[in-house]
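One structure is given here, and the rest of the page talks about it.
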Amino acid sequence: MQNLTRLIKKTINLWIKSQAPTQKLTNIKKIDRFLILLICVIISIITSYEYVTKPIQNIDFIISVIINFFEVFICCGVLVYISKKEEPTINSRQIFLLIGLLLTVLILKINLKTISPLSIIVPPTLIISQGMGTTIALSWVSIALINWPNSPNGMNEYLLLTTFVSSCIVAILSGKIRSRAQLLQVSILVPLGAFIGQYFFLGIDNNNLYNFNIQNIVSKQGNIVSDTFLLAALMLLAIICMPILESIFGLVTKARLLELADQEKPLLRKLSIEAPGTFEHTLLLCGLAEEATRTIGGNVDLVRTGALYHDIGKLHAPNWFIENQNGSSNPHDELDNPFESAKILQDHVDKGIQIARKYRLPKPVANFIPEHQGTLKMGYFLFKAKEKDKNISENNFKYKGPIPQSKETAILMLADGCEAALRAMDINASDKEALKIISKIINSRIQDGQLLDSNFSRGEIYLIKISFLNVWKRVRHRRIQYPTAKNNSFT
Ligand SMILES: [Fe+2]
Ligand SMILES: [Fe+2]
């Protein structure tokens, strides 16, 4: 019996642990919370609108209206809860988009009774899935389809089924799609699939097919040809509007991350020309961070883009950083002031945040700039300062933080620490020696409390170490020169 109680307790603890968000929740202002609540109430009232317009019949009728109101209100609350849990960094603008789309769907549903639910539900699903991920999009679809439709004409339940299946397919595919070209394919294939589905379920009236005209698209119910055209057109419109929505609501789609990771972007070109050493460091870091993130199942596109921009602040004074000095004299030696040198190091974070704002980098990407340094000590300058005065405060030689708030930024911090050590390693060093160095650096970050907010498990830390080792082995392999034939010809 005791064993059973212990097992139940253990299971409950495990469940509670699994429910804890991996990232700190974004704080939402009181006024935004009030507006979100207000929109949820409006959605609930609008959904009950159909009942209220009918004359009040009896007490059962009133109760059913009240139940309907609270049902929809709770559903809106659940949607907001799921979105915050699934995407802890979600901001108030994105929640407004989520429930705003729900409100728009309901208004369209009431005012355009002839329009197919396919055309109203599927395009917003595409936007949500691209911007906030598959899980939030699937939750949105489930809630948007609740009580659909209250249309007096009634709608075929097969049409609802087709809508649900099409929306789920869009939610799942769009969450994974990495290019706008693939999105265009989806906007053609999904309407086609929906057409075939409706054809099998509902059949097609030949008059509908041959009497097709533009007016039918919104005015005639049940014309599956016009429904298909309208769906395709609205999906294309959603794709065209995506870049605008990205900048208004701060959405970070995979396509946006890929665009930002293009090394021909002006800011990255500037880094490669004005700070070539930092750019080289960035490229090797990308390899390390990508491999580790892939191994633990994190967001590879985000970590790649974050890595490319993490040291962008070094552009303010490239020659103050050793990787750009290229054998010339070190200005820190001439300065001979550890406090000033520490300020210059902190500046690469502060100026980086300013540059990120100027170039409108999305917040999840800009977060890599302060979090890759966390609250680490500037060891070399602290040592120099302590040589002059032993009672010096360590706080003057610590980065301002915050410590990494996500697994991706934490991986970048670990890769940043290991990169220089691995680059400097002897080409003939064994795997064991390399792993020892990697473990030493990672363990020092753990002991320093830098990974407290990133919720890594021990297994994940082990996988990160092994993936760093694998990347180092690849790089070492490239550096080993192949023997050349004596007559300089290869066979
Ligand atoms: Fe840095
Ligand atoms: Fe760096």
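Peptides 130-142, 271-283: what's the order by average Cβ count within 10 Å, highest mean first?
Ranking, from highest mean packing down: 130-142, 271-283.
Considering only the other residues whose Cβ falls under 12 Å of the Cβ of M242, what net charge follows from Lys and Arg at +1 and Asp and Glu at -1?
So the environment of M242 carries a net charge of +1.
Would segment 261-479 count as rounded, prolate or oblate if I go by the C-alpha gyration tensor, calling it rounded below 1.5 in a/c and otherwise prolate when a/b exceeds b/c, oblate otherwise?
Rounded is the answer for segment 261-479, as its axis ratio a/c remains below 1.5.
Given contacts defined as C-alpha pairs under 8 Å and at least six residues apart, what's the relative contact order of the chain, whole-number percent?
RCO, the chain: 12 percent.
Near I392, within a Cβ-to-Cβ distance under 15 Å, what is the net charge of the other residues, with Lys and Arg +1 and Asp and Glu -1?
That sum, taken over residues with Cβ under 15 Å, equals +3.
Go ahead and estimate [θ] at 222 nm for the chain from helices alone: -39,500 (n - 2.57) per DSSP H run with n ≥ 4, summed, over the residue count, rounded to 500.
-23000 deg cm²/dmol
How much net charge surrounds I411 when only other residues with a Cβ under 14 Å from its Cβ are counted (Lys, Arg +1; Asp, Glu -1)?
Overall, the nearby charge balance is -4.
Using a 4.7 Å cut-off between beta carbons, which cysteines in the chain end up with no partner cysteine at all?
C75, C168, C241, C286, C418, each lacking another Cys Cβ under 4.7 Å.
Each reported figure results from applying straightforward, stated rules to the coordinates on display, with no laboratory input. Owing to the predicted nature of the structure, the values given are computational and were not obtained by experimental measurement. Quick reminder, even Gly has a Cβ in these numbers, built from the backbone with ideal geometry, and neighbours come from all protein chains shown.
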